[in-house]
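The next block holds one structure in the form of structure tokens; read it before the comments.
The values are calculated or read from the model by the stated rules, or taken from the named source; none is laboratory data. What you are looking at is a predicted structure, and each value in this text was computed from that prediction instead of being measured. Using ideal geometry, Cβ is built from the backbone for each residue, glycine included, and neighbour counts are taken over all protein chains shown. Accessible surface is based on the protein model in full, side chains and every heavy atom, while ligands, DNA and RNA are left aside. Shrake-Rupley method; radii C 1.70, N 1.55, O 1.52, S 1.80 Å.
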Amino acid sequence: MPTKELIQHVGALLDVAGVLVIAVGVAVATVVFAVRCGRTRQVVANYRAYRQGVGRAILLGLEFLVGGDIIRTVAVSPTFTSVGVLALIVLVRTFLSFSLEVELDGRWPWQGRPPVSRPSVGARPQR
């Protein structure tokens, strides 16, 4: 099998993996949401966790899709046009990733997580 053909297949496999990750992730998040809502009867309380599950599935799937695009574009047909199209695709997907990250965590990816305050050793509990 020629190298370019092998690379095309690897890129296609990454695309399929990305789509499967998104589809399975959304399906699993939906089932978990339905089960939680069935148990607690609190749709609003479980909705945030559902959105986070769907968002995480999309983020992971996008990573696979971008990987497939990069492999096919750079290894198979590295023309200025194909690299430009790849750059636009990566830019759009990066924007989507940042948007989903902000939506899931409520902060920009480069912002550190707030420190968890822990009581010092020997400290009395607050009353």
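If you take the residues in the stretch 42-90 that are part of a loop (DSSP other than H, G, I, E, B) and under 18 Å from residue 6 (Cα atoms), which one is least open to solvent (accessible area, probe 1.4 Å)?
Applying the filter and picking the extreme gives 77.
Quick one: is residue 36 modelled with pLDDT of 85 or more, surrounded by fewer than 11 Cβ atoms within 10 Å (Cβ to Cβ), farther than 30 Å from residue 2 by Cα and not aliphatic (A, V, I, L, M)?
So residue 36 does not fit the description; no.
Mind telling me which of the residues 93, 72, 56 ends up being among the basic types (Lys, Arg) and modelled with pLDDT of 85 or more?
Result: 56 is the single residue among 93, 72, 56 that is among the basic types (Lys, Arg) and modelled with pLDDT of 85 or more.
If I filter the stretch 1-27 down to residues being in a helix (DSSP H, G or I) and farther than 25 Å from residue 94 by Cβ, which single residue comes out as most open to solvent (accessible area, probe 1.4 Å)?
Checking each candidate, the answer is 4.
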